[in-house]
1. Taking into account only those residues within segment A:16-56 that are among the basic types (Lys, Arg) and touching a strand residue (DSSP E or B) at 6+ places or on another chain (Cβ under 6 Å), which is most open to solvent (accessible area, probe 1.4 Å)?
2. Taking segment A:4-15 as the region of interest, how many residues are within 14 Å of another protein chain (Cβ to nearest Cβ) and open to solvent by 30 Å² or more (accessible area, probe 1.4 Å)?
3. I'd like the full set of residues that are over 27 Å from B:Asn1 (Cβ atoms), in a loop (DSSP other than H, G, I, E, B) and small (Gly, Ala, Ser), limited to segment B:63-97.
4. Quick one: would you say B:Ser84 is of a type outside the set (Phe, Trp, Tyr), surrounded by fewer than 16 Cβ atoms within 10 Å (Cβ to Cβ) and free of Cβ contacts under 8 Å to residues at least 40 places away in the same chain?
5. Which ones in segment B:1-23 are in a strand (DSSP E or B), open to solvent by 30 Å² or more (accessible area, probe 1.4 Å) and touching a Ser or Thr at 6+ places or on another chain (Cβ under 9 Å)?
6. Could you tell me how many of the residues in segment A:61-79 are farther than 20 Å from A:Asn31 by Cβ, more than 14 Å from chain B (Cβ to nearest Cβ) and exposed (fewer than 13 other Cβ atoms within 10 Å of the Cβ)?
7. Could you identify the single residue in B:Ser33, B:Ser49 that is free of Cβ contacts under 8 Å to residues at least 40 places away in the same chain and within 14 Å of chain A (Cβ to nearest Cβ)?
Amino acid sequence: AQTVTQSQPEMSVQEAETVTLSCTYDTSENNYYLFWYKQPPSRQMILVIRQEAYKQQNATENRFSVNFQKAAKSFSLKISDSQLGDTAMYFCAFLAQKLVFGQGTRLTINP
Amino acid sequence: NAGVTQTPKFQVLKTGQSMTLQCAQDMNHEYMSWYRQDPGMGLRLIHYSVGAGITDQGEVPNGYNVSRSTTEDFPLRLLSAAPSQTSVYFCASSQHRTGPYNEQFFGPGTRLTVL
């Protein structure tokens, strides 16, 4: 069975700083997808970024980028120039046959 | 497009009551699923469907039933509510379960409290 682990329950940084959220996963699959979802206080789940396992190039979406290390089964999210609106829960998720979520990291951006 | 809609947004039940959480999507997606979100545990898959007439169990299916009579609708039924089912429930859909078109679109969630 696949498992996803987010080892940082909470993080807090100052506005404009860069922050990295960690995620590791365990699988025997070779073809899969990885995601980071953001859940603001509104509770809505919002897709932040996606990575296909067969792609070596790390995905980037504006201020959000990932460091995908397939051999190490690691998938961290870097948020550059953090903004107050980035305050949210962030979930790492793994998809092969079904979507499996990590426990989440509560990120607070302080003014 | 309305995307994925869920009703109700909030619900309070007494132990033993039954109810149905509604979920609908207007994107003609094949794959639909239900998750529950509990503090410190992320989202866990309850049931899913890969198309009309086809459903299967996820990680935590006990106490819940689903059906998929149309592509658009995927209701979740609680047969006899228990306090352990107090949670936030999310419905999600994607064009396919896996492959390139697998981005899941989530509904706004239903906060359910069982007393």
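The values are calculated or read from the model by the stated rules, or taken from the named source; none is laboratory data. Computed from a predicted model, the values in this text were never measured in an experiment. Ideal geometry is used to build each Cβ from the backbone, glycine not excepted, and the neighbour counts take in all protein chains shown. Surface accessibility is based on the protein's heavy atoms, side chains included, excluding ligands, DNA and RNA. Shrake-Rupley method; radii C 1.70, N 1.55, O 1.52, S 1.80 Å.
1. Within segment A:16-56, the match that is most open to solvent (accessible area, probe 1.4 Å) is A:Arg50.
2. Selection size over segment A:4-15: 5.
3. B:Gly63, B:Ser80, B:Ala81, B:Ala82, listed by residue number.
4. Yes.
5. B:Thr7, B:Phe10, B:Gln11, B:Val12, B:Gln22
6. Total satisfying the criteria: 1.
7. B:Ser49
Each row is one residue, and each column tells you yes or no for (1) in a strand (DSSP E or B); (2) in contact (Cβ under 8 Å) with a residue 24 or more places away in the chain; (3) out of contact with any helix residue (DSSP H, G or I) (no Cβ under 7 Å at 6 or more places or on another chain).
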residue	(1), (2), (3)
A:Ser7	no, no, yes
A:Glu17	no, yes, yes
A:Tyr25	yes, yes, yes
A:Ser28	no, no, yes
A:Leu34	yes, yes, yes
A:Tyr37	yes, yes, yes
A:Gln44	no, no, yes
A:Leu47	yes, no, yes
